[in-house]
Amino acid sequence: ISKTYIAHKEEIKVLDNITYEFEMGKFYAIMGHSGSGKSTLINILGMLENADTGKYYLNGRLVNDLSDEVKTELRRDNIGLVFQEFYLDENLNALENVILPMLINSKINKSDRKKKALELLTKVGLESRVNHLPRELSGGEMQRVCIARALANDPQIILADEPTGNLDVKAEKGILENLKKLSEEGKCVIVVSHSPKVKSFADKVLELSEGKLK
């Protein structure tokens, strides 16, 4: 796939004919300097953005020409997104924030939502913080709520864009340990990061430089 932006009337090719196959059950770290195209790549993988050229297959299915509605359904069922900014609803507690993505998933019964959300928050070590609002949580705890929320619809792929960028060293380690555990459970985890610490958790470290993934 390739992607070019126009800035100040100049073409900037952030992704230059990249070909790569990500596998289930692995933790990938994508490194690169600011502006190297890491977030663009994550957005394309998450179907939030389209490549200019090339083909993107998700579990063997070509997604390029699918409608936005179908892409939304595919993303809901297959991909969990975690960002540097938490994007939690400040008026909802941790439990309610995790339940939120389940509301648009008809496959999850209404009666099962609370139980599932509790299980996910327990999975990330927040069983004692389920009734706390985001402002009552630390940065590391908020990011763990985000991971639980990303797992709400049981996706097989986790895409994380600078998930520890706003966290201290201890919280960063905890988040990377959570993501590593998910890959060991069979999920494909792809993390974009500036932090060198992510390398010690990754099965595969890739560098994005001059539009190429190496």
Expressed as an acute angle from 0 to 90° and rounded to the nearest 10, what is the orientation of the C-alpha long axis of helix 139-150 relative to the principal long axis of the chain? 80 degrees
Cα-Cα separations in region 57-153 greater than 22 Å, expressed as whole percent: 32 percent
Which residues does the label zone of Arg76 cover in region 91-107, counting backbone N under 18 Å from a point 7 Å along Cα→Cβ? 97-107
R0 of 25 Å, Cβ-Cβ distance Tyr56-Ser209: FRET efficiency to nearest 0.05: 0.75
With label points built 7 Å along Cα→Cβ from the Cα atoms of Glu185 and Leu92, find their separation and express it in nm. 2.0 nm
Based solely on C-alpha atoms, express the radius of gyration and the Dmax of region 88-214 in angstrom. 15.3, 50
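Report the calculated FRET efficiency for His132 and Lys9 (r = Cβ-Cβ distance, R0 = 45 Å), to the nearest 0.05. Let's see the in-between values first.
Details: r = 49 Å, r/R0 = 1.09.
Once rounded, the FRET efficiency stands at 0.35.
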Label-point separation in nm, Gln156 to Asp16, each point 7 Å along Cα→Cβ: 3.4 nm
Can you list residues from other chains, or at least 5 along the same chain, whose modelled amide H is less than 5 Å from the amide H of Leu15? Lys3
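Restricting to DSSP H runs of at least four residues, report the calculated mean residue ellipticity at 222 nm for the chain, -39500 (n - 2.57) per run over all residues, nearest 500 deg cm²/dmol. Spell out each step's value before the answer.
On the way: 6 runs with 64 residues, N = 214.
The helix-only estimate for the chain comes to -9000 deg cm²/dmol at 222 nm.
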Hand me the tally of lysine pairs in region 23-149: alpha carbons under 25 angstrom apart, and the pair either on different chains or 8 or more positions apart. 17
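Here, each number is a calculation from the coordinates, and none is a lab measurement. All figures in this text were calculated on a predicted structure; none of them were measured in a lab. A quick note on method: Cβ atoms are made from the backbone with ideal geometry, for glycine too, and the neighbour counts reach across all protein chains shown.
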